[in-house]
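Novice: What follows is a single structure, and I will ask about it in a moment.
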Amino acid sequence: MTRKTLVALTAAITLALPAANAFAGINDMDVVVDGRTGMETRSIAVSMADLNLASTHGARMADSRITKAAKKVCGWMSGSILPATPDYRACFGEALDGARSDLNTLIQAQRQG
């Protein structure tokens, strides 16, 4: 395998991973948190399998996990003295909105089931 082919294959796999994680989240008790900054998108699958999402405590724990993941995918640096940029705030808001929508779907499914 040539270096050029290897680089192209690596790029294709890298681009496919966020989509694969998103589909995995649909079937599991995972919420996928996507953060888009500039041209880069990062994703983290956050497991909710150990939580009772039908309870208030479980829903709060889930939201806390999503918030931490949104910070991470958007590039938050703990302890940083730098102010949050408009790009960071936009990324964080969009990441939370998408993840909370998926979380609400899981919560409704647990309450009905």
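Novice: Tell me, please, whether a residue that is out of contact with any Leu (no Cβ under 7 Å at 6 or more places or on another chain), modelled with pLDDT under 90, open to solvent by less than 90 Å² (accessible area, probe 1.4 Å) and assigned to a strand (DSSP E or B) can be found in the stretch 6-17.
Specialist: Within the stretch 6-17 (the criterion being out of contact with any Leu (no Cβ under 7 Å at 6 or more places or on another chain), modelled with pLDDT under 90, open to solvent by less than 90 Å² (accessible area, probe 1.4 Å) and assigned to a strand (DSSP E or B)), the answer is no, since none of the residues qualifies.
Novice: Looking only at the stretch 27-42, count how many residues are among the small types (G, A, S) and either at pLDDT 95 or above or open to solvent by 60 Å² or more (accessible area, probe 1.4 Å) (or both). Before you say what the answer is, go through the steps one by one.
Specialist: Start the filter on the stretch 27-42 by keeping residues that are among the small types (G, A, S), which leaves 35, 38.
With either at pLDDT 95 or above or open to solvent by 60 Å² or more (accessible area, probe 1.4 Å) (or both) added as a condition, the list becomes 38.
Number of matching residues: 1.
Novice: Something else: Restricting to the stretch 59-92, name every residue that is among the aromatic types (F, W, Y) and open to solvent by less than 70 Å² (accessible area, probe 1.4 Å).
Specialist: Let us first name the residues in the stretch 59-92 that are among the aromatic types (F, W, Y), namely 76, 88, 92.
Selection gives Y88, F92.
The values are calculated or read from the model by the stated rules, or taken from the named source; none is laboratory data. Owing to the predicted nature of the structure, the values given are computational and were not obtained by experimental measurement. Counting neighbours? That spans all protein chains shown, and the Cβs are built from the backbone with ideal geometry, glycine included. Ligands, DNA and RNA are stripped out before the accessible areas are found, and what is left, the full protein with its side chains, is counted by its heavy atoms. Shrake-Rupley method; radii C 1.70, N 1.55, O 1.52, S 1.80 Å.
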